[in-house]
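What follows is a structure written as C-alpha cells; I'll ask about it next.
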Amino acid sequence: NVIGIDPSLAATGVCYYAPSYAQPIGVTIETKATDPRRLNWIYNRITDICIDVSWSPIPSPDLAVIEDLPTHAHSAGLTGQAQGVVRAALQGFGIPILTVPPASLKLFATGSGRAGKADMRAAAQSAWLEDYGQGLPGSWDDNAVDAFWLREMGIHYLRHRGFHEEDFGKANIAKWGKLKGVLAS
C-alpha cells in the first residue's frame, strides 16, 4: 500500500488506495496564502488520510512517495514548509518516505523528463483506462495526477525491489535517484 503526495502550500495533491472504492482516491488539499494556519491544515489532512488508510482492511501504508524540492526554484523555501509538515505527519505514523525529483516523476510517467501537465494527465488517463476500464475521475486536478504518478512509482519500487532498510537512512527517508536497481533520471 503506497501513498503519493505532491506537496505545495497552495494545493497539495494526494493519491491513496481506498478499498471501499476499489480504486485509488485522488484529492487536493487547497489552502489560502493569507491563512496563517495553512501548514496546520495540510498536516491535519495528511494525518487524517493516514488514519483512514490505516483503518482500512488492508495493512497501513508501506511507503509514501513525495515529490522532492525543486533544486533551483525561487519558491523552494515555501514549498519546503509544505514538505516539512507532510514529512512530520508521515513520520508520526512511521511510514517510510521516498523522495522523487520532478524530472524523474515526469520521465517515469511519460518517458520524457520535460513533460508538461497535459502530458502527465494524458499518461494518467491511459493508465487509468487500462487498469480500471474507465476514464480518470473528472474531479482530479494536476496535483492529484502528480500524486497518482508518485504512488505508481512507489508501487513499482516495492514490486521490483521490495522494501530494504539499507535504502533508507536513520530518518527513514530515501531518494529515488540513489536507489540501486530502479529507474532513475
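Quick one: in the stretch 1-16, which of the residues that are within 8 Å of the chain's Cα centre (by Cα) and among the small types (G, A, S) is nearest to D141 (Cα to Cα)?
By that ranking, first place goes to G13.
Can you name every residue in the stretch 23-49 that is farther than 24 Å from G138 by Cα and surrounded by 13 or more Cβ atoms within 10 Å (Cβ to Cβ)?
R38, L39, W41, Y43, N44, T47
Oh, and also: Do we find that I51 is farther than 18 Å from V65 by Cβ, among the aliphatic types (A, V, I, L, M) and without any contact (Cβ under 8 Å) to a residue 24 or more places away in the chain in this structure?
Yes, satisfied.
Got a sec? Which of S104, S112, S126, S139 is of a type in the set (S, T, N, Q), open to solvent by 40 Å² or more (accessible area, probe 1.4 Å) and touching a residue at least 24 places away in the same chain (Cβ under 8 Å)?
S139
In this structure, is L63 surrounded by 19 or more Cβ atoms within 10 Å (Cβ to Cβ) and at pLDDT 95 or above?
The answer is no for L63.
Let me ask something else about it. Whether any residue in the stretch 157-164 is open to solvent by less than 60 Å² (accessible area, probe 1.4 Å) and part of a helix (DSSP H, G or I) is what I want to check.
Kept after step one, since they are open to solvent by less than 60 Å² (accessible area, probe 1.4 Å), are these residues of the stretch 157-164: 157-158, 162, 164.
Add one more test, that the residue is part of a helix (DSSP H, G or I), and what stays is 157-158.
Within the stretch 157-164, one or more residues are open to solvent by less than 60 Å² (accessible area, probe 1.4 Å) and part of a helix (DSSP H, G or I).
So for the stretch 146-154 (the condition being on the phi < 0 side of the Ramachandran plot and over 13 Å from the mean Cα position of the chain (by Cα)), does at least one residue qualify?
Checked the stretch 146-154: no residue is on the phi < 0 side of the Ramachandran plot and over 13 Å from the mean Cα position of the chain (by Cα).
Okay, next question. Of the residues W176, W128, W149, which single one is in contact with a Cys (Cβ under 9 Å, 6 or more places away or on another chain) and not charged (D, E, K, R)?
W149
The values are calculated or read from the model by the stated rules, or taken from the named source; none is laboratory data. Given the structure is predicted, the values throughout are model-derived calculations rather than measurements. All Cβ positions, even for glycine, are placed from backbone atoms using ideal geometry, and neighbour counts span all protein chains on display. Quick note on the areas: whole protein, heavy atoms, side chains included, nothing else; ligands and nucleic acids left out. Shrake-Rupley method; radii C 1.70, N 1.55, O 1.52, S 1.80 Å.
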